[in-house]
Amino acid sequence: MKIYLSGLDFDAGKVKYNDERLIKLSEKFKPKKIAPFFAEFITDDPEQADAVAVRKDNILDLLIPDIEKMEGRLERSENQDEKKLAEKCIRAMEEEKALCDIDFSEAEKSVLKALSPLTFKPTIIIDGDISTDELIGRALKKAGIMFFYTAGQDECKAWPAEKNSSAVECAGKIHSDLARGFIRADVVTFNDMMSVFNMHGAKEKGLVKTVEKDHIIEDGDIIEIKFNV
């Protein structure tokens with residue numbers, strides 16, 4: 001995830017996210033390898049960002065270009081629905097609201113996606129001090145990103161995925177072969193995993209769900225994929 005920073009005193013570059021669940025899983029399994037999630041802070045080319053973090057005092061630096069873009073659309077468009085949408089956006093931004101925080105219909109979202117105003121991206125407004133972990137955590141939440149995990153003695157890894165991702169979609173995040181040859185997945189919640197020694201122990205206690213490809217994976221789930229290619 002690339003996070004564009006505005007008015008925040010952090011260096012550009014990749015930043016490790018200190019995920020408490022991954023830390024606890026690693027303490028439990030003592031794996032040979034730990035693979036945390038890394039975000040990337042950027043200060044140039046905001047169009048490349050997946051999310052935006054802006055200091056509250058700097059919000060107008062982002063809103064003014066978006067307002068100008070919408071005013072230009074309002075002047076040029078002959079479509080009444082687009083004109084109404086542009087006016088709706090301008091009113092909200094004049095109240096210093098990011099567009100990502102406004103309710104839009106699916107049709108309106110489609111138009112805005114094409115126009116790509118910056119604050120339509122997941123935008124978090126920072127008021128006061130914040131750590132890099134807090135910033136990344138808030139950006140992930142705003143963007144609708146969760147984590148699922150793979151955990152064992154070889155490796156513990158945090159995998160980002162969109163909320164409401166299916167088991168087969170999560171399998172594809174790990175490797176395309178796992179999605180292509182998906183048979184089933186064993187799933188255990190983070191809290192249940194922390195109450196036992198390992199996945200085998202979770203199975204013995206009946207804490208593991210064996211699920212089909214359409215099963216929705218929840219934030220924090222630990223999964224094992226059964227596949228055949």
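The values are calculated or read from the model by the stated rules, or taken from the named source; none is laboratory data. Keep in mind that this is a model prediction, so the values were computed, not measured. Note that each Cβ is placed from the backbone with ideal geometry, even for glycine, and that neighbours are counted across all protein chains shown.
So, residue 138, is that one assigned by TED's automatic domain parsing to the domain that holds residue 222 and at pLDDT 95 or above or not? Don't jump to the end; show me each part of the working.
Details: assigned by TED's automatic domain parsing to the domain that holds residue 222: no; at pLDDT 95 or above: yes.
No; evaluated as a whole, the condition is false for this residue.
In this structure, residue 186 does satisfy being assigned by TED's automatic domain parsing to the domain that holds residue 215 and surrounded by fewer than 20 Cβ atoms within 10 Å (Cβ to Cβ). Consider residue 23 carefully, then state whether it is more than 23 Å from residue 144 (Cβ to Cβ), assigned to a strand (DSSP E or B) and not small (Gly, Ala, Ser). For residue 23, the condition - more than 23 Å from residue 144 (Cβ to Cβ), assigned to a strand (DSSP E or B) and not small (Gly, Ala, Ser) - is not met. Within the range 208-228, being over 18 Å from residue 181 (Cα atoms) and touching a Leu at 6+ places or on another chain (Cβ under 9 Å) holds for one residue alone: 222. Looking for whichever is aliphatic (A, V, I, L, M) and in contact with a Cys (Cβ under 9 Å, 6 or more places away or on another chain) here; the options are 145, 126, 102, 130. Which one fits? Criteria check complete, one pass: 102.
Table: residues versus (1) within 20 Å of residue 45 (Cα to Cα); (2) assigned by TED's automatic domain parsing to the domain that holds residue 8; (3) in contact with a His (Cβ under 8 Å, 6 or more places away or on another chain); (4) crowded, with 17+ Cβ neighbours inside 10 Å.
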position: 96; (1), (2), (3), (4): no, yes, no, no
position: 110; (1), (2), (3), (4): no, yes, no, no
position: 113; (1), (2), (3), (4): yes, yes, no, no
position: 134; (1), (2), (3), (4): no, no, no, no
position: 142; (1), (2), (3), (4): no, no, no, yes
position: 145; (1), (2), (3), (4): no, no, no, yes
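Taking the conditions exactly as written (in contact with a Phe, Trp or Tyr (Cβ under 6 Å, 6 or more places away or on another chain) and in the same structural domain as residue 84 (by TED's automatic domain parsing)), does residue 118 satisfy them or not? Spelling it out, it is not the case that residue 118 is in contact with a Phe, Trp or Tyr (Cβ under 6 Å, 6 or more places away or on another chain) and in the same structural domain as residue 84 (by TED's automatic domain parsing). So the check is Cβ under 7 Å with 6+ separation or different chains; which pairs have a first residue in the range 175-202 that's among the acidic types (Asp, Glu) and a second one that's assigned to a strand (DSSP E or B) and modelled with pLDDT of 95 or more? Within 7 Å, the pairs are 177/227; 186/210; 186/223; 186/224.
Taking residue 128, is it at pLDDT below 95 and of a type outside the set (A, V, I, L, M)?
Numbers: at pLDDT below 95: yes; of a type outside the set (A, V, I, L, M): yes.
Here the answer is yes, as residue 128 does meet what is asked.
Given the conditions (1) touching a residue at least 12 places away in the same chain (Cβ under 8 Å); (2) surrounded by fewer than 18 Cβ atoms within 10 Å (Cβ to Cβ), which single one is not true for residue 21? That leaves (2) as the condition not met.
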